[in-house]
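What follows is a set of notes on a single structure, which appears directly below.
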Amino acid sequence: MIRPVLRYGEQVLHQAAAPITEITPDIQQLIDDMVQTMYAAPGIGLAATQVGVPLRIFVADVSGGHNPGDLVTFINPEVVEVDGTQYEDEGCLSVPGFNATMARPARAVVKGLARNGREQVIEGTGLLARCLQHEMDHLDGTLFVDRLRGLQKDLIVRRIRKLSRSGKW
Ligand code: NI
């Protein structure tokens, strides 16, 4: 089932999510829904907080569904290693219509549980590294807009407030 994606300003997006203690059928269903919602958007990553569930789960597929082997599901993930720097454009399904060039580590190693509950370690470079770190941020209540500074941030926040006031957000 495709679930509605919450937008910047919704409280659950701005709070840290809680770890999962047991992978129940409800959690499996949530993951299936998140994958379906991500592909439908279309997007390359989606965190549970974005569908209003404050739990530490995200899904990602930098191929956008073109390579079945690229689908990544993480439960209780943690970043164990980062290095280098990359500057690329970044956006978010919860901040539609906006993007910004921002710095991220060029490489990231993330450890956590896979959908079947087994431990997995995934190393990403380039877009995957960026995506993994963007989704990790979501689980801590941080959106890419929160990482911007100064005018760039003010401009986006002001435009979102304006859209909210006119009921277009
Ligand atoms: Ni996002």
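The values are calculated or read from the model by the stated rules, or taken from the named source; none is laboratory data. Model, not experiment: these values are computed from the prediction. Note: ideal-geometry Cβ built from the backbone for every residue, glycine included; neighbour counts use all protein chains shown. The accessibility values were calculated without ligands, DNA or RNA, using every heavy atom of the protein model including side chains. Shrake-Rupley method; radii C 1.70, N 1.55, O 1.52, S 1.80 Å.
Size estimate for the range 66-142 follows the Kirkwood approach: the inverse of mean 1/r over distinct Cα pairs works out to 13.2 Å. Using a 1.4 Å probe over the heavy atoms of the protein chains, calculate the carbon and sulfur portion of the accessible area of the range 11-165 as a whole percent. Roughly 50 percent of what the probe reaches on the range 11-165 is carbon or sulfur. Taking a straight Cα-Cα cut-off under 16 Å and skipping sequence neighbours fewer than 8 places away in the same chain, the aspartates and glutamates within cross-link reach of Lys162 are Glu10, Asp154. Distant-in-sequence amide contacts of Glu88, defined by a placed amide H-H separation under 5 Å and a gap of 5 or more residues or a different chain, comprise Met102, Arg104. Can you check what the net charge comes to around Asp32, using other residues whose Cβ is under 12 Å from the Cβ of Asp32 (Lys, Arg +1; Asp, Glu -1)? For residues surrounding Asp32, the net value is 0. What residue among Asp61, Asp140, Asp26 has the largest mean-square fluctuation in a Gaussian network model of the chain, using Cα springs under 10 Å? Per the Cα network of the chain with a 10 Å cutoff, Asp26 tops the list.
Accessible area per residue, 1.4 Å probe, Å², for the chain: what's the number? Display every interim value, and only then the final one.
Values: 8620 Å² over 169 residues.
With the other protein chains kept in place, the chain gives 51 Å² per residue.
Helical runs assigned H by DSSP (4 residues or longer) give the chain a calculated mean residue ellipticity at 222 nm of -9500 deg cm²/dmol, each run adding -39500 (n - 2.57) before division by the residue total.
Between Arg159 and Asp89, the simple spin-label model (points 7 angstrom out along Cα→Cβ) gives 1.2 nm. The convex hull drawn around the Cα atoms of the range 11-165, when projected onto a plane and averaged over every direction, covers 9.1 nm².
For the chain, with only Lys/Arg (+1) and Asp/Glu (-1) charged at the beta-carbon, what is the dipole magnitude about the Cα centre, in debye rounded to 20? Kindly include the intermediate steps, with their values, before the conclusion.
Working: 18 positive and 20 negative charges, 184 e Å.
About 880 debye.
What residues of the range 125-153 lie in the reach of a label at Trp169, counting those whose backbone N is under 13 Å from a point 7 Å from the Cα along Cα→Cβ? Only 145-146 fall inside the zone, counting backbone N under 13 Å. Packing order of peptides 151-163, 105-117, highest average first: 105-117, 151-163 (average count of other Cβ atoms within 10 Å over each peptide's residues).
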